[in-house]
Amino acid sequence: MKTILEYQEQFKKKEITPLGLLENCLENINPSLNAYITVTGEFAKRELKKNNKEGKLKGIPIAIKDNINIKGIPTTCASNVLKGFVPPFSATVIERIEKNGGIFTGKTNLDEFGMGSSTERSFYGPTKNPFDPTKVPGGSSGGSAVAVASGSAVISLGSDTGGSVRQPASYCGLVGLKPTYGRVSRYGLVAFASSLDQIGIIGRNAEDVGIMLEVIAGYDPKDSTSYEKEVEDYSNLNEIPKDIKIGIPEEYFKQIDPEVHSSVMEIKSKIEKEGIYFKSVSLPTTGYIIPTYQVISYAEASSNLARYDGVRYGLRKEGEDFHDTIRKSRDKGFLPEVKRRILVGTFVLSSEAIAEYYERADLIRRLITQEFNEVFKEVDYLLTPATPTPAFPIGERTDDPIRMHVPDRMTAGVNLAGLPAVVAPAGMVGKLPIGYQIIGKPFDEKGILSVVRLVEKVAPFKGFLKEIQDG
Ligand code: GLN
C-alpha cells in the first residue's frame with residue numbers, strides 16, 4: 001500500500017487507474033476478518049465511471065464506519081434494530097469526501113452503536129485482528145481499522161466517543177485521529193453520546209490523516225456544535241515543531257504492560273534526541289475518567305437511543321398494543337450491552353439518582369477539563385500510551401463490561417475535555433502492534449500530527465502487515 005499522494009502520482013503517470021486501485025482494494029477484502037457489514041464495490045465503480053472528480057481524495061478508496069450515513073446505502077450501526085434502514089441523506093463528511101473525488105469501499109463493522117472496545121458486540125459478528133485473528137482489532141471502529149490494516153481501503157472514517165478511533169489504531173498499527181470537539185461536523189453520524197462523539201480518521205500515516213482532515217473539517221450550518229474556525233493545511237507537516245515541550249502525565253503510565261511502557265519511552269528518547277524537551281506532569285483526576293465517562297455517555301445514550309421504538313425506523317415486532325410493540329421491538333432489536341447502558345443511563349438521570357450520579361459526573365468532567373487546561377499552560381503536548389496492553393483475545397472480556405472499559409482510561413479523558421488526540425504506532429509487542437498517544441490543545445490538530453510526522457521520520461514503523469507492505 002502507498003500513501004494518498006503516491007497513488008495520485010501514479011494516476012497522473014497512468015501507472016494505475018482509480019478503477020484499478022479500487023479493484024485491488026476490493027480483492028484485499030478478507031471475509032474471515034469480517035471488517036465490513038456492507039461492501040459497496042459496485043456502487044463505487046458506478047460512481048467512478050459517472051464522475052471521475054478532481055480533488056484532494058481523487059480516486060482514493062475509503063472505508064466508512066457503519067454509523068455514518070451514505071445516502072441510499074443501509075446504515076446498521078451493527079444493530080438489528082436498524083434492520084432495513086436506508087438513510088435518505090448523506091453525512092456532511094460524506095458529501096465533502098465525494099466532492100473531493102473519494103470513493104467508498106463499504107460500511108465497516110463496529111460494536112453496536114459504538115458501545116465497546118473490541119468490535120465483538122456486533123449483531124453481524126466480531127471483527128478479527130489481521131495481525132492475529134484470535135485477537136480483537138479494538139473498538140468500536142474495529143472494522144475501519146482492519147480495512148486499512150489489511151489493505152482494502154487506503155484510509156477510513158470512524159467515530160470516537162471515548163476512544164473508538166484511537167484504540168483500534170493502537171491494536172492495528174495505524175494512525176488514528178480524534179479531532180477537537182466541533183472541528184468536524186457530526187451531521188449524519190448516528191448519535192451515541194452527543195457531547196463526546198466526534199468523527200475521526202484512521203490511516204497509515206500522519207500526512208494521509210491530515211489530507212482527510214483538510215477535506216472533512218470545518219463549519220457546517222447543519223451541526224450547531226461545529227466550530228467556525230479556519231481549516232488549516234493539516235497535511236503540510238514537514239516543519240518540525242520548534243521549542244516545544246511535551247508533558248509525560250505519570251498517572252497514564254500506571255497499570256500498563258511493561259512492554260507498552262518501554263515502547264512509549266523509546267519514542268520519547270528518540271524524539272528527545274531531536275531537541276524536544278520533556279517534562280513530568282500530573283493529572284490526578286485520571287482515576288475518575290472511566291466512571292465519569294460511563295455516567296455521562298450512558299445518560300446521553302439512553303436519551304439518544306429512545307428514538308428506536310419500532311415505529312419510525314428499522315425493526316418492528318408486533319405486540320398486543322402500542323407499548324407492547326415498542327417493548328418487543330426494542331427487546332429483539334438491541335444486544336445486551338446496549339440494553340444495559342440504556343437502563344443504567346435512564347437510572348442516573350432519574351430524579352432519585354441525578355444529583356448523586358449525573359450531576360456529580362458533570363462536575364468531575366469540569367475538573368478533568370480544568371486539569372488539562374492547567375497542564376497545557378506548562379507544556380504544548382502530552383505523550384501517553386494509547387492502550388494499557390496490546391490487543392486482547394477474542395471472548396476474554398465480552399462478559400465483563402467493566403474490564404471492557406479498561407482501555408478507555410487512556411482515551412476518554414480527551415473526549416470529556418473535548419481535546420484533539422492522535423494515536424500512532426510505537427512498535428511491536430511480539431506480533432502485535434502497540435500505539436502511543438499525543439494529546440494537544442483545542443484545535444491544535446496540526447501540532448499533534450506534526451509530532452507524529454517527526455516520529456515517523458526518526459523512528460519509522462516497520463510493523464505493517466507483510467503483504468500490505470509489499471503490495
Ligand atoms: N470503549 C468506549 C465505550 O465502550 C468508547 C466507545 C466509543 O468511543 N464509541 O463506550
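Points to keep in mind about this one:
- Failed criterion for Pro336 (all others in (1) surrounded by fewer than 19 Cβ atoms within 10 Å (Cβ to Cβ); (2) within 16 Å of the ligand (Cβ to nearest atom); (3) within 19 Å of Ser194 (Cα to Cα) hold): (3)
- Hits in region 147-158 - residues which are within 16 Å of the ligand (Cβ to nearest atom) and touching a helix residue (DSSP H, G or I) at 6+ places or on another chain (Cβ under 6 Å): Ser156, Gly158
- Some residue of region 35-44 being touching a Phe, Trp or Tyr at 6+ places or on another chain (Cβ under 7 Å) and in a loop (DSSP other than H, G, I, E, B): yes
- Selected residue (only one of Ser195, Ser224 is surrounded by fewer than 24 Cβ atoms within 10 Å (Cβ to Cβ) and either within 16 Å of the ligand (Cβ to nearest atom) or on the phi > 0 side of the Ramachandran plot (or both)): Ser195
- Test: residue in region 300-315 that is surrounded by fewer than 18 Cβ atoms within 10 Å (Cβ to Cβ), touching a Lys or Arg at 6+ places or on another chain (Cβ under 9 Å) and over 30 Å from Glu98 (Cα atoms): no
- Qualifying positions in region 121-166 - surrounded by 24 or more Cβ atoms within 10 Å (Cβ to Cβ) and either of a type in the set (Asp, Glu) or without any contact (Cβ under 8 Å) to a residue 24 or more places away in the chain (or both): Asp160
- Boolean, Thr180 is surrounded by fewer than 24 Cβ atoms within 10 Å (Cβ to Cβ), within 16 Å of the ligand (Cβ to nearest atom) and closer than 27 Å to Thr108 by Cα: yes
- Residues that are part of a loop (DSSP other than H, G, I, E, B) and closer than 19 Å to Cys77 by Cβ, drawn from region 147-178: Asp160, Thr161, Gly162, Gly163, Ser164, Val165
- Residues located in region 372-405, provided they are more than 18 Å from the chain's Cα centre (by Cα), within 20 Å of Leu449 (Cβ to Cβ) and not hydrophobic (A, V, I, L, M, F, W, C): Asp380, Tyr381
- All of (1) out of contact with any Gly (no Cβ under 6 Å at 6 or more places or on another chain); (2) closer than 23 Å to Phe85 by Cα hold for Ile326 with one exception: (1).
- Hits in region 316-333 - residues which are buried (at least 22 other Cβ atoms within 10 Å of the Cβ) and out of contact with any Ser or Thr (no Cβ under 8 Å at 6 or more places or on another chain): Ser329
- Checking Gln255 against (1) of a type outside the set (Asp, Glu); (2) touching a strand residue (DSSP E or B) at 6+ places or on another chain (Cβ under 6 Å); (3) on the phi > 0 side of the Ramachandran plot, the condition it does not meet: (2)
Computed from the coordinates by the stated procedures, all read-outs in this text should not be read as laboratory data. Source: prediction; values computed, not measured. Methodologically, a virtual Cβ is constructed for each residue, glycine included, from the backbone with ideal geometry; neighbour enumeration extends over all protein chains shown.
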